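Inspection log for the structure reproduced underneath, given as structure tokens.
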Amino acid sequence: MRQVTFETTYPPEAAHPIHRRLADEGPATRADVLIWGPTADVTALVWFDGEPSAVEEVLDAVDSATGTQLVAADDGTYAFVRQSEYELPDDALEAVAGSRVAFVPPLSFRASGVARFEAVGEPAAVSEFYGDLDAAFDTAVVRVREFRRWPEPARLTDRQRQALEAAVAVGYYDVDRSGSVTDVAAELDCAPSTAGELLRRAESTVLTAFVGES
């Protein structure tokens, strides 16, 4: 099976009310729909990159919202939003309803007008869904990879993993750094240049994998 990351650009008149408000250059610029249900009349969980007051302003644009609850956390605000309808364009809803793929959260609305999301399915089913959605809205394929039941961990060598563990132990990654590469080298019983190289390679592997999954 394939797991495909898509980006769809909606024109302003077709965008969801939350998406249109994010594009207005307000204090909130991103909304990640984390949990939603199969019908409109359920509570969705959405994370915004803004303070509760900014999120209240964004949600005021959602006429279908029948109830909201806000919780500030994780450098933003979680919103529990109950709606009477999705308020997404009919063409998008029809493409989703008629598809033979599953959708992996989050659905991320960006201030740029782009909606980013992932779909999982057999190659033919994913291609069919892509064709249907792209026929209605400008849609791009960002990434294609094999679907795995669990996210694939970064592929570190044993020595790279030991270097990271040693770095954490000596305080190398503390916010106020209390350990040095020399300390890591002492833990690993190797030269500082070797320890530095191990850390750089391990960091490159871990961060590249993290950004690719974000």
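Assorted remarks:
- Picking from residues in region 106-131 that are closer than 12 Å to Val4 by Cβ and of a type in the set (A, V, I, L, M), the one that is farthest from the chain's Cα centre (by Cα) is Ala125.
- The residues in region 17-48 that are part of a loop (DSSP other than H, G, I, E, B), surrounded by 19 or more Cβ atoms within 10 Å (Cβ to Cβ) and modelled with pLDDT of 90 or more can be counted, and the count is 1.
- Any hit, region 189-196, residues being in a helix (DSSP H, G or I), of a type in the set (Ser, Thr, Tyr) and modelled with pLDDT of 90 or more: yes
- Members of region 149-188 found to be basic (Lys, Arg) and part of a helix (DSSP H, G or I), listed by number: Arg159, Arg161
- Options Glu152, Glu122; residue that is modelled with pLDDT of 95 or more, more than 29 Å from Gly50 (Cα to Cα) and surrounded by fewer than 17 Cβ atoms within 10 Å (Cβ to Cβ): Glu122
- All told, Ala140 falls short of being within 23 Å of Thr9 (Cα to Cα), touching a His at 6+ places or on another chain (Cβ under 9 Å), part of a strand (DSSP E or B) and not polar (S, T, N, Q).
Yes/no matrix, rows are residues, columns are (1) surrounded by fewer than 18 Cβ atoms within 10 Å (Cβ to Cβ); (2) part of a helix (DSSP H, G or I); (3) not assigned by TED's automatic domain parsing to the domain that holds Val120:
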position: Val55; (1), (2), (3): no, yes, no
position: Ala61; (1), (2), (3): yes, no, no
position: Gln69; (1), (2), (3): yes, no, no
position: Ala72; (1), (2), (3): yes, no, no
position: Ala79; (1), (2), (3): no, no, no
position: Arg100; (1), (2), (3): yes, no, no
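- Residues of region 102-129 classified as farther than 19 Å from Pro17 by Cα and outside any strand (DSSP E or B), total: 8
- Conditions (1) under 22 Å from Ala125 (Cβ atoms); (2) free of Cβ contacts under 8 Å to residues at least 60 places away in the same chain; (3) out of contact with any helix residue (DSSP H, G or I) (no Cβ under 9 Å at 6 or more places or on another chain); number of the one not met by Val104: (2)
- Qualifying position, being more than 24 Å from Tyr130 (Cβ to Cβ) and not hydroxyl-bearing (Ser, Thr, Tyr), among Val42, Val104, Val33, Val96: Val42
The values are calculated or read from the model by the stated rules, or taken from the named source; none is laboratory data. The model shown is predicted, which means the values in this text are computed figures rather than measured ones. FYI the Cβ positions are ideal-geometry reconstructions off the backbone, even for glycines, and counts take in every protein chain you see.
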